[in-house]
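Single-structure report; data block below.
The values are calculated or read from the model by the stated rules, or taken from the named source; none is laboratory data. Predicted model, so just to flag it, every value in this text is computed and none were measured. Glycine also receives a Cβ, built like all others from the backbone with ideal geometry; neighbour counts cover every protein chain displayed.
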Amino acid sequence: MPTSMIDTYAYNNALKDVHPAEKFFLASPIVLLCLITKSEIVLFLAASVTTIATVYRAGIPLGFYLKTLCLPLSFAILGGFGVALAVVPSGVETLFGITFFGKTIGITLESLRSASLLVLKTVAAMSALFFFL
């Protein structure tokens, strides 16, 4: 018997009778695509398609889906801060930086792009995994 809301939705959604292997073979290539691509457009499309499939096809309420996505998103954002903040070589322009003992710690345009790509990859891959559940 389901004990949490995620269990309740997993056992009582419109896709509950679809064989897990079918959902796996749809979700796993999307997850792999999310991990190897560096295209924001592809990641946005993957997140959008799997979110729409989960919310509209499986019948999971959008509010619950977004709340459930908040936990992995919070870890991705914290990790994104770590990726965005770096020791910047001299001569490289920073968007924000502080110099300590001759070393600049800051955020560059490239590090900010890497951090946003990391967060977007996480959201897209988690959306595909949520569809699998």
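Return the pair list, or none, for Cβ contacts closer than 8 Å from residues in region 91-112 that are under 19 Å from Glu40 (Cβ atoms) to residues that are modelled with pLDDT under 85 and of a type in the set (S, T, N, Q), at least 6 apart or on different chains.
Ile107/Thr94; Thr108/Thr94
So how many residues does region 87-113 have that are over 17 Å from Val123 (Cα atoms), assigned to a helix (DSSP H, G or I) and in contact with a helix residue (DSSP H, G or I) (Cβ under 6 Å, 6 or more places away or on another chain)?
The total comes to 1.
Might you check whether a residue that is farther than 13 Å from Leu129 by Cα, out of contact with any Cys (no Cβ under 7 Å at 6 or more places or on another chain) and at pLDDT 90 or above occurs anywhere in region 85-98?
Yes: one or more hits.
Counting only residues that are within 24 Å of Ser39 (Cα to Cα) and touching a strand residue (DSSP E or B) at 6+ places or on another chain (Cβ under 9 Å), which one in region 86-109 is surrounded by the fewest Cβ atoms within 10 Å (Cβ to Cβ)?
Looking at the filtered set, the residue picked out is Leu95.
Among the residues of region 38-86, which ones are more than 12 Å from Thr122 (Cα to Cα), among the hydroxyl-bearing types (Ser, Thr, Tyr) and either in a helix (DSSP H, G or I) or in contact (Cβ under 8 Å) with a residue 12 or more places away in the chain (or both)?
Ser48, Thr50, Thr51, Thr54, Tyr56, Tyr65, Thr68
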